[in-house]
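Peer 1: After the structure tokens below, expect a handful of questions from me.
The values are calculated or read from the model by the stated rules, or taken from the named source; none is laboratory data. Everything numeric here is computed off the predicted structure, so don't read it as measured data. Ideal geometry is used to build each Cβ from the backbone, glycine not excepted, and the neighbour counts take in all protein chains shown. Heads up: the accessible areas ignore ligands, DNA and RNA and are worked out on the full protein's heavy atoms, side chains in. Shrake-Rupley method; radii C 1.70, N 1.55, O 1.52, S 1.80 Å.
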Amino acid sequence: MTAVNLGIPTKRHEHEAEPLAPRRITRQLNVGGVLVGGGAPVSVQSMTTTRTSDIGATLQQIAELTATGCQIVRVACPTQDDADALKVIAKKSQIPVIADIHFQPKYVFAAIDAGCAAVRVNPGNIKQFDDRVGEIAKAAKDAGTPIRIGVNAGSLDKRLLEKYGKATPEALVESALWEASLFEEHDFRDIKISVKHNDPVVMVNAYRQLSQACDYPLHLGVTEAGPAFQGTIKSAVAFGALLSEGIGDTIRVSLSAPPVEEVKVGNQILESLGLRERGLEIVSCPSCGRAQVDVYTLAEQVTAGLEGLPVPLRVAVMGCVVNGPGEAREADLGVASGNGRGQIFVKGEVIRTVPESQIVETLIEEAVRLAEEMGAELPEELRGLAGPVVQVH
């Protein structure tokens, strides 16, 4: 009798495909310890929805975002009270904090003095911004603080609106490059650029043009993307198009939903494109007339039961004998169901057949055992759930 060979990879997960295109070559920035551009992994950002002046609530939300996989967080700074809170927030946050500045140039200097990891400025919303670029560039350069030039369709400079008639890709790009050139005049190039629009087609065309015109790292975003479902689709379509061409260095999914949902969607987009090591991946069939078990419920229960499993496992939950055995055999762990029973596969081997009522429990046990084999630190609720090592002939 021989033990099942788990074949657990130690580095790149065997199910991960190669990226669709080489990454665009850019300058590299250091945003509070997170490298951006220059071949660094694409990072996921979000933005707090609390009043920044409420330090406790803001830090609590940042902690929740960090736990969900957010790597850089942006906080709004519309008032003096918000500016006064930046020093404490920047110091106590577990991830780099970017101050988001509109309207008042003085808050740019306050954010730099507070030790924020970077500052986002929206030139179209800051009066006489171009006249202050020299001062901002000096302060940012002295402090080693990168600047993101964030151009938005809804706040485009009036001169460009008059020139182009509306926020076209050309207008967005011209605005961003103009502002970047002003910083370059002061020998400041620690710049990241975004050209956001609520229409994914306009947004994609703008970033394509921008990527051809400069070598600055680019932050991707579909602004005002909408409620969770609509915003997820728009962001996935736009980011997928650009990232598959190697364009994009940081992303933020803008949703009318809690910011942790933005982070979940952003991470899933990167995982789906092979730009981030996949975590737990549930492969489940959409069900059809051939299904002999309730696939929907099985998939939901397995997903819920394995939430927080910190390893790259592909788990296949299949409902019939047509594609089920093949998909289950290709996954790390899987079940092919039929006639009230489920064949449990581990790394391509059938290790047992269980009644339908035990499928979820068995899959969870085996997933936890695989995670322990990989040396994972399991969440408390999953500890002790591993099943025994099963021997096969």
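Peer 1: Please state which one of Ala83, Ala111, Ala99, Ala40 is crowded, with 17+ Cβ neighbours inside 10 Å and in a loop (DSSP other than H, G, I, E, B).
Peer 2: Ala40
Peer 1: Suppose we filter the range 52-62 for residues that are surrounded by 15 or more Cβ atoms within 10 Å (Cβ to Cβ), out of contact with any Ser or Thr (no Cβ under 6 Å at 6 or more places or on another chain) and polar (S, T, N, Q); how many remain?
Peer 2: Residues of the range 52-62 surrounded by 15 or more Cβ atoms within 10 Å (Cβ to Cβ): 52-55, 58-59, 61-62.
If we keep only those that are out of contact with any Ser or Thr (no Cβ under 6 Å at 6 or more places or on another chain) as well, we get 53-55, 59.
With polar (S, T, N, Q) added as a condition, the list becomes 53.
So the count comes out to 1.
For (1) modelled with pLDDT under 95; (2) at negative phi; (3) assigned to a loop (DSSP other than H, G, I, E, B); (4) more than 30 Å from the chain's Cα centre (by Cα), each residue gets a yes or a no:
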{"site": "Gly115", "(1), (2), (3), (4)": "no, no, yes, no"}
{"site": "Val119", "(1), (2), (3), (4)": "no, yes, no, no"}
{"site": "Lys127", "(1), (2), (3), (4)": "yes, yes, yes, yes"}
{"site": "Thr145", "(1), (2), (3), (4)": "no, yes, yes, no"}
{"site": "Leu177", "(1), (2), (3), (4)": "no, yes, no, no"}
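Peer 1: OK, next. Which one of these is open to solvent by 80 Å² or more (accessible area, probe 1.4 Å), among the polar types (S, T, N, Q) and modelled with pLDDT under 95: Thr10, Thr49?
Peer 2: Thr10
Peer 1: Considering Leu172, Leu160, Leu156, which residue is in the same structural domain as Ala85 (by the TED database), free of Cβ contacts under 8 Å to residues at least 24 places away in the same chain and in contact with a helix residue (DSSP H, G or I) (Cβ under 8 Å, 6 or more places away or on another chain)?
Peer 2: Leu160
Peer 1: Which one of these does Ile193 not meet: (1) open to solvent by less than 10 Å² (accessible area, probe 1.4 Å); (2) among the hydrophobic types (A, V, I, L, M, F, W, C); (3) farther than 25 Å from Ile136 by Cα?
Peer 2: Every listed condition holds for Ile193 apart from (3).
Peer 1: Condition first: surrounded by fewer than 21 Cβ atoms within 10 Å (Cβ to Cβ) and of a type in the set (Val, Ile, Thr). Can you find one or more residues in the range 140-157 that meet it?
Peer 2: No, that holds for no residue.
Peer 1: Within the set of pairs 6 or more residues apart or between chains, which connect a residue that is farther than 20 Å from Ala316 by Cα inside the range 260-281 to a residue that is outside any loop (DSSP other than H, G, I, E, B) and open to solvent by 50 Å² or more (accessible area, probe 1.4 Å) with Cβ atoms less than 8 Å apart?
Peer 2: Correct list of pairs: Val260/Glu64.
Peer 1: Please enumerate the residues belonging to the range 322-352 that are in a loop (DSSP other than H, G, I, E, B), touching a residue at least 24 places away in the same chain (Cβ under 8 Å) and open to solvent by 10 Å² or more (accessible area, probe 1.4 Å).
Peer 2: Val322, Asn323, Asn339, Gly340, Lys347
Peer 1: Do the conditions hold for Arg278, that is, is it outside any helix (DSSP H, G or I), farther than 19 Å from Gly38 by Cα and open to solvent by 20 Å² or more (accessible area, probe 1.4 Å)? First the steps, then the outcome.
Peer 2: Details: outside any helix (DSSP H, G or I): yes; farther than 19 Å from Gly38 by Cα: yes; open to solvent by 20 Å² or more (accessible area, probe 1.4 Å): yes.
Yes: the conditions hold for Arg278.
Peer 1: Return the residue satisfying two criteria in turn: it lies in the range 238-270 and is among the acidic types (Asp, Glu) and either open to solvent by 30 Å² or more (accessible area, probe 1.4 Å) or in contact with a Ser or Thr (Cβ under 6 Å, 6 or more places away or on another chain) (or both), and of such residues it is farthest from Ile25 (Cα to Cα). Full working, then the answer.
Peer 2: The initial filter retains those residues of the range 238-270 that are among the acidic types (Asp, Glu), namely 245, 249, 261-262.
Filter once more, so that each one left must be either open to solvent by 30 Å² or more (accessible area, probe 1.4 Å) or in contact with a Ser or Thr (Cβ under 6 Å, 6 or more places away or on another chain) (or both): 245, 261-262.
On the way: Glu245: 12, Glu261: 30, Glu262: 27 Å.
Of everything passing the filter in the range 238-270, Glu261 is farthest from Ile25 (Cα to Cα).
Peer 1: Further question on the same structure: Among the residues of the range 312-321, how many are in contact with a Ser or Thr (Cβ under 9 Å, 6 or more places away or on another chain) and buried (at least 21 other Cβ atoms within 10 Å of the Cβ)?
Peer 2: Counting residues in the range 312-321 that are in contact with a Ser or Thr (Cβ under 9 Å, 6 or more places away or on another chain) and buried (at least 21 other Cβ atoms within 10 Å of the Cβ) gives 5.
Peer 1: Out of all the residues in the range 176-190, which are open to solvent by less than 10 Å² (accessible area, probe 1.4 Å) and not aromatic (Phe, Trp, Tyr)?
Peer 2: Selection gives Ala176, Glu179, Ala180.
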